[in-house]
Amino acid sequence: ALRELVALKALKDRLRELHEMGHGTDYADYHRRQPLAWEQARAVLGPNAVVSGQQTTKDTE
């Protein structure tokens, strides 16, 4: 799961580089794969996974 997230980051960086060089870019595959990769990573971490930056109900009370 982590390898897929790293590969997606590399893909996003490469697409950005191509765009900056004036090439047409298609982010559709990136946008399709990213949520799936995060879902798989969370499944591996299990129910105790804490996502940095997200508030829980305890944080807001």
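A few notes on this one:
- Projected onto its three principal axes, the C-alpha set of the range 2-45 covers 39, 15, 9 Å, listed from the longest axis down.
- Highest to lowest packing among 13-25, 34-46, scored as the average C-beta count within 10 Å: 34-46, 13-25
- Note on Ala41 and Met21: their simple-model spin labels are 2.7 nm apart, each label 7 Å out from Cα toward Cβ.
- Along the range 27-38 the Karplus relation, 6.51 cos²θ - 1.76 cosθ + 1.60 evaluated at θ = phi - 60°, assigns HN-Hα couplings of 8, 4, 5, 4, 5, 6, 7, 4, x, 5, 5, 5 Hz to successive residues, with x for each Gly and Pro.
Bear in mind that the values in this text are calculations on the coordinates, not laboratory data. This is a predicted model, so every value here is computed, not measured. Every residue, glycine as well, gets a Cβ built from its backbone with ideal geometry; the counts of neighbours run over all protein chains shown.
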